[in-house]
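Working notes, beginning with the structure itself.
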Amino acid sequence: MAAPADAKRPPVPSWIGVVCALLVVIPYYGIAILSGIAVQENGIGELPTLLQTLQQAFLITGVFCGLTWVLLRYVCQEDVASLSRPGGSLLVDFLHAVNISALLLVAQIAIGMSMGMEKHATPEFNLLLGKQLQSSPLALLVWAGPVAWLQAGLTEEFTRAFVLTRLWKQWQSPAAQFTSLVLMSALFGMGHFYQGWPGVIGTFAIGMVFGFHYMRFRSLRAIVLGHGIYDTTVMLLLWLGSSLAM
């Protein structure tokens, strides 16, 4: 339900939205980047247990989706529907999501085949994840379920849409909006530094695709679904032992 309009209440200044964006970006990406640096310096050793992975997925989703929603609703005086254009169709959004995920998967597989991806070039995290997925159906359920759809699809895209719309309200020129999209994608890439520089570059490109789609069509639902479908498919490919998904 939309926030009630109050003729006596002045609109929230756009700079407040920028502050809210920083309140999300700094802890969310700061923790991810520092964690990635620690992994690159010390190595992973082994992945967390499935219970720890599940707890982390719910914790990250609860904390950062909750924080983002509170800032959006009570500080920016908007509701979640304001992050999408009105009148969107679930079917259209789903088709867009399938197209986005298919595009990313085809590009990823094509690049992997053209570069002749070797196991020794695969990030340590991806190798460990592939082994864990192949060791237990429960692992596939956890990673292709809560991790792919809550921690990745919902949390990453909800925060992306929130931050971008706050910045776009402050800087409305096309050049400024595109620049903010690039910077947000760079942060998204650095948030995956635990996968090494190839992971950073690849995730930056993925962030650009999702971000550009959001800028063009302004549908939060489409990018959440697209991200979830993409990550779930990657998990299935890793479970099947495909190095092209790495």
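The values are calculated or read from the model by the stated rules, or taken from the named source; none is laboratory data. Treat the numbers as computed from the prediction; the structure is a model and nothing was measured. Glycine gets a Cβ as well: all are built from the backbone with ideal geometry, and neighbour counts include every protein chain shown.
Scan region 135-148 and tell me whether some residue there is at pLDDT below 95 and in contact with a Leu (Cβ under 9 Å, 6 or more places away or on another chain).
Here is the first cut: in region 135-148, the residues at pLDDT below 95 are 135-137.
Pick out the ones that are also in contact with a Leu (Cβ under 9 Å, 6 or more places away or on another chain) and you get 136.
The answer is yes; a qualifying residue exists.
State yes or no: is ALA81 among the small types (Gly, Ala, Ser), out of contact with any helix residue (DSSP H, G or I) (no Cβ under 6 Å at 6 or more places or on another chain) and more than 23 Å from THR232 (Cβ to Cβ)? Explain how you work it out, then say what you get.
Working: among the small types (Gly, Ala, Ser): yes; out of contact with any helix residue (DSSP H, G or I) (no Cβ under 6 Å at 6 or more places or on another chain): yes; more than 23 Å from THR232 (Cβ to Cβ): yes.
Here the answer is yes, as ALA81 does meet what is asked.
Going through region 24-59 one residue at a time, which ones are under 30 Å from GLU78 (Cα atoms) and surrounded by 15 or more Cβ atoms within 10 Å (Cβ to Cβ)? Show your work before the answer.
Start the filter on region 24-59 by keeping residues that are under 30 Å from GLU78 (Cα atoms), which leaves 24-33, 55-59.
Residues satisfying the conditions are VAL24, VAL25, TYR28, TYR29, ALA32, ILE33, ALA57.
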Across region 53-79, which residue is farthest from TRP149 (Cα to Cα) among those that are under 19 Å from the mean Cα position of the chain (by Cα) and among the aromatic types (Phe, Trp, Tyr)? TRP69
Within the bounds of region 147-170, is there any residue that is assigned to a helix (DSSP H, G or I), free of Cβ contacts under 8 Å to residues at least 24 places away in the same chain and either exposed (fewer than 14 other Cβ atoms within 10 Å of the Cβ) or not aromatic (Phe, Trp, Tyr) (or both)? no
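Take the conditions under 22 Å from GLY36 (Cβ atoms), modelled with pLDDT of 95 or more, surrounded by fewer than 22 Cβ atoms within 10 Å (Cβ to Cβ) and more than 11 Å from the chain's Cα centre (by Cα) and apply them to ALA186. Does it pass?
Values: under 22 Å from GLY36 (Cβ atoms): yes; modelled with pLDDT of 95 or more: yes; surrounded by fewer than 22 Cβ atoms within 10 Å (Cβ to Cβ): yes; more than 11 Å from the chain's Cα centre (by Cα): yes.
In short, yes.
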Restricted to region 191-246, and to residues that are of a type in the set (Ser, Thr, Tyr) and without any contact (Cβ under 8 Å) to a residue 60 or more places away in the chain, which residue is nearest to ALA176 (Cα to Cα)? TYR214
